[in-house]
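Coordinate-derived values only; no laboratory data. Just so you know, these numbers come straight off a predicted model, no measurement behind them. Here the Cβ is made from the backbone with ideal geometry for all residues, glycine too, and neighbour counts use every protein chain on show.
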Amino acid sequence: MPEVVSAAALCELRNLGRMRYADAFALQQQLVERRKRGEISDQLLIVEHPHVVTMGRNGHDENLLAQPELLERAGVEFHRTDRGGDVTYHGPGQIVGYPIVDLREWKRDVMAYVRALEQVLIDALAQFGIAAGREAGATGVWTEQGKIAAIGVHISRWVTSHGFALNVATDLSYFRYIVPCGLTKPVTSLQALGCRADRDQVVAALARSFARVFDREMETYD
Amino acid sequence: MIDVIMPQMGESIVEGTLTKWLKKPGESVERDEPLFEISTDKVDTEIPSPVAGTLGEILVQEGTTVGINTVVGRISDGAGAPAAAAAPAPAAAPPTPAPVAAAAAPTPPQPASVVAEPAPTEETAGPLSPLVRKMARENNIDLSQVRGTGAGARITKQDLEAYLEARTAAPAPAPPASPVQAAPPPPPPPPASATVVQQQAPPPPPPPRTQAVAPVQEQAHFRGEAPAARVEPMSVMRQKIAEHMVFSKRTSVHVTTVHKVDMTRIAKMRDRVKGEFQARHGFSLTFLPFVMRATTAALQAFPLLNSSIDGTNIIYHRDINLGMAVALENGLIVPVIRNADEKNVVGLQRSIADLASRARSRQLRPDEVQAGTFSITNFGSFGSVFATPVINQPQVAILGVGTVEKVPVVLDDAIAIRSVCYLALTFDHRLIDGALGDQFTQKVKTILENWSEEVL
């Protein structure tokens, strides 16, 4: 049999399990630099963070409802970071994806990149029978019951970092620390929508969907 | 001096917010070293310096949103000649940050060519909405003659309308919004060429940059004027409030009914006890807890007002959790008094004082702004007689309390002085009929006018 040669570029999938936010951030920075130098292919990091609230460069303190001391008492870390978007929460039961993609080898278009990330999530959710979509002016992925995935991205010389957070079995009550004025729309999760899929199934679906949307061949190293 | 421009980070992107300068004027910067950061939607991007040199001046301040290709700053190159106004154009040859130049590849002419367009003015502001382009084409407007007042000096529909109006009133002296027009008309550029051309596929060769210096001077001229407006980004809280207000107006059918309430009885009681109340409890007695107490009783009588809509279902809430709008310095927040029906006037006043003061010092706990089932807003404290409040979703009604004031009233064919206030109930007409809204408000009114409960 002739060997099947794929024309698609490679993307390395690294399923890292539980990792502290600061550690994952350091790893991303390291991989971004190596990606810029062309030493590695595109990467898709998948992690789960312990409870953490992060604030983007454009976040405003007033959007953080809980005082940092209260977060600390509740066992929630707090980090300022350099992604787009304002404040968000990560924690157990959430799949956080950090694609490190050189957009010069895809499309040189940051909005197209964000829309593509949304598409990855929408397609993956569809594999579990969840109808999700976009909302004009509100980046992220939405279901009728609320926002199910958040997106925040940083780009340096066309290499991406940060990415998306998909609520699988997240304890949604933690979002209360960052809901200002009770004014934001609700958040939801696969579990809250009655989907019993486990984490590994969802990661696999995300990887398939990512490969298709970005036209990458996924490689897994353990 | 080399112009640093707001890069285009994708086809659909027409503007970006400069969020942070990573260098200060006078600091040196290496080629490709991150120079500033921009934000578009949920993406933050570091923009590297196009050349090595010294950051000369910053033209676009942090937090400002400008169109792509707007000059955001200038760098004097290694030779360090800040006398660069006279610097020969070739120095400016590659003004595009490296990756951006690549970015623009599918959309041909580099920003450089835009700067060099014959149009002498803010053509550099670049992106125009399709509507503006169409208007310009149809009315044969030379866009270089129009002064943009949009973000980053973009030309808006209003600018074109103002221009057309001024043009129609042809020889009229100095139409207000366009000092540009005083300048002699430039050689006529093909209408809208600068921007339309950019959209087309085959790149025309970039025109020679012989005129590079002129536009710069033009811009300096504009910067010398006091700006007609100041652009400032909304705080996140303001964005959330805006979002919620629009969401509410889009969701609910807002109808407001206003009832006049005679508060004399309560006013007299309040006058009688307020000194002792303050002494005993350490906070003063206002009208608001009376209105709240009457409201919780009315909510018990008309539970539909204490409900939410979920698709085609009605959710009747067991608990009565009263939200109370608190004005903050730059926004508002609605803390919630849980099980408000279980509190008497003292308890309610205590909650009001406590929540309001902690709201202002941002000490509220997250659960204290959640799970409200009905809201009250006391705009009377700012002197408003009545207003039409916006429903706090997913609730179905909100009661606005106007200021209590003494007015002459006809009672039994005699004129009497009474303390009167207006209660304005905004309700969601999808769920609550006008009759029910009025019955509810009448119930509140009746309780207030016939107040019998002791307060101390």
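Give me the Debye-computed log₁₀ of I(q)/I(0) at q = 0.13, 0.27, 0.30 Å⁻¹ for segment B:307-365, equal point scatterers on Cα only, no solvent, two decimals.
Per q value, in the given order, log10 I(q)/I(0) is -0.43, -1.05, -1.18.
Using alpha carbons only, how many angstrom separate the centre of segment A:27-78 from the centre of segment B:1-74?
Value for the Cα centre distance between the two parts: 24 Å.
Assuming 1.002 mPa s and 20 °C, estimate D for segment B:248-314 with Stokes-Einstein, Rh taken as the Kirkwood radius over Cα pairs, in µm²/s. Please list the in-between numbers first.
Values: Rh = 15.3 Å.
Calculated translational D: 140 µm²/s.
Take B:Val273 and B:Leu456, extend 7 Å from each Cα along the Cα→Cβ direction, and tell me the distance between the two endpoints in nm.
According to this spin-label approximation, the distance is 0.9 nm.
In straight Cα distance, which aspartates and glutamates are under 12 Å from A:Lys185, not counting same-chain residues fewer than 8 positions off?
A:Glu135, A:Glu144, B:Glu243
What does segment A:45-216 give for Rg and for Dmax, in Å, if only its C-alpha atoms count?
Rg, Dmax (Cα atoms, Å): 15.4, 45.
For segment B:236-449, what number of Lys pairs, 8 or more residues apart or on separate chains, have alpha-carbon atoms under 25 Å from each other?
Value for segment B:236-449: 17.
Please quote Rg/Rh for segment B:236-449 to two decimal places, taking the Kirkwood radius as Rh and restricting both calculations to Cα atoms.
0.96
Taking Cα atoms, how many degrees apart are the long axis of helix A:199-214 and the longest axis of chain A, rounded to 10 and kept between 0 and 90?
Roughly 60 degrees between the two axes.
What FRET efficiency comes out for A:Arg37 versus B:Met234 if R0 is 22 angstrom and r is the Cβ-Cβ distance? Round to the nearest 0.05.
So the FRET efficiency works out to roughly 0.05.
Quick one: check the C-alpha center-to-center distance for segment B:224-271 versus segment A:159-174, whole angstrom.
Value for the Cα centre distance between the two parts: 33 Å.
Got a sec? Which residues in segment B:421-456 would a label at B:His281 touch, if it sits 7 Å along Cα→Cβ and we count backbone N under 16 Å?
Residues B:452-456 fall inside that zone.
What do you get for the angle between helix A:110-126 and the principal long axis of chain A? Use alpha-carbon atoms, 0 to 90 degrees, nearest ten.
Taking Cα atoms only, the helix is inclined about 80 degrees.
Taking 25 °C and 0.890 mPa s as the conditions, I'd like the Stokes-Einstein D for segment A:13-77 in µm²/s, using the Kirkwood hydrodynamic radius from alpha carbon pairs. Before the final figure, lay out each step's value.
Numbers: Rh = 13.9 Å.
Value of D from the Cα-based Kirkwood radius: 177 µm²/s.
Would you calculate the separation in nanometres between label points at A:Arg18 and B:Phe247, each defined as 7 Å from the Cα along the Cα-to-beta-carbon direction?
Between A:Arg18 and B:Phe247, the label points sit 3.2 nm apart.
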